[in-house]
1. Would you mind getting me the FRET efficiency between residue 38 and residue 16? Use the beta-carbon distance for r and R0 = 22 Å, nearest 0.05.
2. At 0.36 nm per residue, and after removing the present C-alpha to C-alpha distance, how many nm does the segment from residue 70 to residue 26 gain when stretched out fully?
3. Rg/Rh for the range 32-77: what does it come to with C-alpha atoms and Rh from Kirkwood?
4. For the chain, set up a GNM with springs between Cα atoms under 10 Å and report which of 38, 24, 15 has the largest fluctuation.
5. So what is the calculated 222 nm ellipticity per residue for the chain, using -39500 (n - 2.57) for each DSSP H run with n of 4 or more, over all residues, to the nearest 500 deg cm²/dmol?
6. Return a whole-number percent for the relative contact order of the chain, with Cα pairs under 8 Å and 6 or more residues apart as the contact set.
7. Between residue 5 and residue 50, what FRET efficiency follows from the Cβ-Cβ distance if R0 is 30 Å, with the result rounded to 0.05?
């Protein structure tokens, strides 16, 4: 059984925005590879979570603290 990475767990619309941004920006491309290398949300830094919101078109002001700490609004259930 293959272990799912954070990248694999992203919601479809977030992943699409991230992929689009990765074609334009090196920072988004590095973020994509970082997400492909980590398997748990708690492994991410605050900057990486911010970058997910930036390049994945997720608005932080719409998220609760729980969403930010656990990835609830960003990851598939």
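1. FRET efficiency, residue 38 to residue 16: 0.65.
2. Full extension of this stretch gives 13.2 nm more.
3. On the Cα set of the range 32-77, Rg over Rh gives 0.92.
4. Top of the fluctuation ranking is 24.
5. Value at 222 nm, helices only: -16500 deg cm²/dmol.
6. On the way: 74 pairs, mean separation 30.4, N = 77.
Computed value for the chain: 39 percent relative contact order.
7. So the FRET efficiency works out to roughly 0.95.
No lab work stands behind these numbers, since they all come straight from the coordinates. Predicted model only: the values in this text are computed from it and were never measured. Counting neighbours? That spans all protein chains shown, and the Cβs are built from the backbone with ideal geometry, glycine included.
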